[in-house]
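Accompanying notes for the structure given below.
The values are calculated or read from the model by the stated rules, or taken from the named source; none is laboratory data. Bear in mind the structure is a predicted one, so any value in this text is a computation, not a measurement. Here Cβ is always computed from backbone atoms with ideal geometry, including for glycine, and neighbour counts include all displayed protein chains. We work out accessible area using only protein heavy atoms, side chains counted, and drop any ligands, DNA or RNA first. Shrake-Rupley method; radii C 1.70, N 1.55, O 1.52, S 1.80 Å.
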Amino acid sequence: MDRKKFAQIKPLSQNLQYFAELDSTNVTAKEFAEKGAAEGTVIQAGKQLSGKGRLGRVWESQAGKGLWFSMILRPTVAAEYGAQITLLTAVAVARILQLLTNKNFAIKWPNDILLDGKKICGILSEMALDVEGDIDYTIVGIGININMSSEDFGAQLAATATSLYLATGIEYEREQVLRAFLDEFGRLYSHWQLHGFDDIRRSWLQYSCTLGHKVVVKDNDEEIYSGVAEDMDDYGSLLVRNAAGEIGSFDFGEISIRSC
Ligand code: ADP
């Protein structure tokens, strides 16, 4: 153990800023980060008017029914490892939801948490670099569906989305879930900065419903590759073997994967 490094890693402080309504917690968190907000600042909204998914997609975030929040992080790792934060976050969400409900959650690479094949949580990370190319800050936006009924989702989303309430019949306190998540995330985040990605990668693999399955890789709805997902590398890229036996490596900025 490097004592100096250990001394530098402080437990993640939790400075929670709650807003009844925001356009997007990621956008507000970015504004806070640009003004110098400390690591551990959490921007939570009762409701998002234009919550974001990847690739400009919409994340439905109605009032009072879910947890919509973004964390400001300033990790000390090299930028090339920054994408690991999304995977670390997915592990923390899967762990606490499992602990709270005793149900089995799965992670669909890279950023969705599924229960019974339906999406219960989405994660959207955005990284900003400084002039030296180091990480200035990372915003990790998280949406967890807590108390929605099928009617709340509407016909289209009800087919692909679920909530803790739908899965268990229990109404959960949103703040309780948030506190449990932030505690677990803080532990994993310190572990990651001190000891690297190995343990988190291992835990991620245990939750993954993508590995070992046939996946179709799409770029803007166009199929560009297909094969079996074999592994995830240290940068968080998915390694997919096609019918010709070649391995393709895909990182998660630009593509969609159909699996699980
Ligand atoms: P993916 O990574 O699955 O391609 P994103 O992470 O970008 O998708 O999330 C956006 C998608 O998630 C939307 O296109 C919609 O299908 C779905 N979605 C939107 N809001 C919710 C929600 N509250 N719960 C579950 N799924 C949602």
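Return the residue satisfying two criteria in turn: it lies in the stretch 94-123 and is part of a helix (DSSP H, G or I) and crowded, with 24+ Cβ neighbours inside 10 Å, and of such residues it is nearest to the ligand (Cβ to nearest atom). My answer is 97. Here the condition is being under 17 Å from the mean Cα position of the chain (by Cα) and without any contact (Cβ under 8 Å) to a residue 40 or more places away in the chain; of 25, 41, it holds for 41 alone. The one condition from (1) open to solvent by 10 Å² or more (accessible area, probe 1.4 Å); (2) touching a residue at least 24 places away in the same chain (Cβ under 8 Å); (3) over 20 Å from residue 206 (Cβ atoms); (4) within 11 Å of the ligand (Cβ to nearest atom) that residue 127 does not meet is (4). Do we have residue 61 as open to solvent by 10 Å² or more (accessible area, probe 1.4 Å), small (Gly, Ala, Ser) and modelled with pLDDT under 95 here? Judged against the criteria, residue 61 is not a match. Filtering the stretch 161-175 to residues that are without any contact (Cβ under 8 Å) to a residue 12 or more places away in the chain and assigned to a helix (DSSP H, G or I) leaves only 175. Consider the stretch 208-231. How many of its residues are touching a Phe, Trp or Tyr at 6+ places or on another chain (Cβ under 7 Å) and under 28 Å from residue 73 (Cα atoms)? The qualifying residues number 2.
Is there a residue in the stretch 170-178 that is away from the ligand (no atom under 13 Å from the Cβ), under 16 Å from the mean Cα position of the chain (by Cα) and at pLDDT 95 or above? Scanning the stretch 170-178 turns up at least one residue that is away from the ligand (no atom under 13 Å from the Cβ), under 16 Å from the mean Cα position of the chain (by Cα) and at pLDDT 95 or above. Within the stretch 136-149, the set of residues being open to solvent by less than 20 Å² (accessible area, probe 1.4 Å) and part of a strand (DSSP E or B) comprises 137, 138, 139, 140, 141, 142, 143, 144, 145. Among all residues of the stretch 231-244, there is at least one that is at pLDDT 95 or above, touching a strand residue (DSSP E or B) at 6+ places or on another chain (Cβ under 6 Å) and assigned to a strand (DSSP E or B).
For the criterion of being more than 12 Å from the ligand (Cβ to nearest atom), among the hydrophobic types (A, V, I, L, M, F, W, C) and not assigned by TED's automatic domain parsing to the domain that holds residue 239, residue 166 fails. For the stretch 70-84, a residue qualifies if it is within 16 Å of the ligand (Cβ to nearest atom) and at pLDDT below 95, and exactly one does: 83.
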